[in-house]
Amino acid sequence: MSHTNAITRLEQAGLSRREIAVATGSTRAAVSHWATGRSIPGRKKLAALVTLGATRGVVLLASDFGLPANDDREAA
């Protein structure tokens, strides 16, 4: 199970981890933890990631973070 898809795709879209952190109200350490699977973002952070991805044409799903595809955070 890969936890790096979402953060990696945002980075490939030209965002730095610092920019991701600022956009989600998080720290760079938190973003790194999401990227490595050490933690997963909560509902509000996931919603911010989805919004950020949308601004760059990147679709993010809860399953990108190792969550079940039917997790209600996916619809954030």
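The values are calculated or read from the model by the stated rules, or taken from the named source; none is laboratory data. No experiment lies behind these values; they were computed from the predicted model shown. Don't worry about glycine lacking a Cβ; one is built from the backbone with ideal geometry, like all the others, and counts go over all protein chains shown.
Here are the numbers:
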| read-out | value |
| --- | --- |
| In segment 1-42, the residues that are within 15 Å of residue 65 (Cα to Cα) and in contact (Cβ under 8 Å) with a residue 40 or more places away in the chain | 1, 2, 3, 5, 6, 9, 10 |
| Segments classed as helices (runs of 4 or more DSSP H), wholly inside segment 5-67, with at least 1 members that are in contact with a Phe, Trp or Tyr (Cβ under 9 Å, 6 or more places away or on another chain), at pLDDT 85 or above and of a type in the set (Phe, Trp, Tyr) | 28-36 |
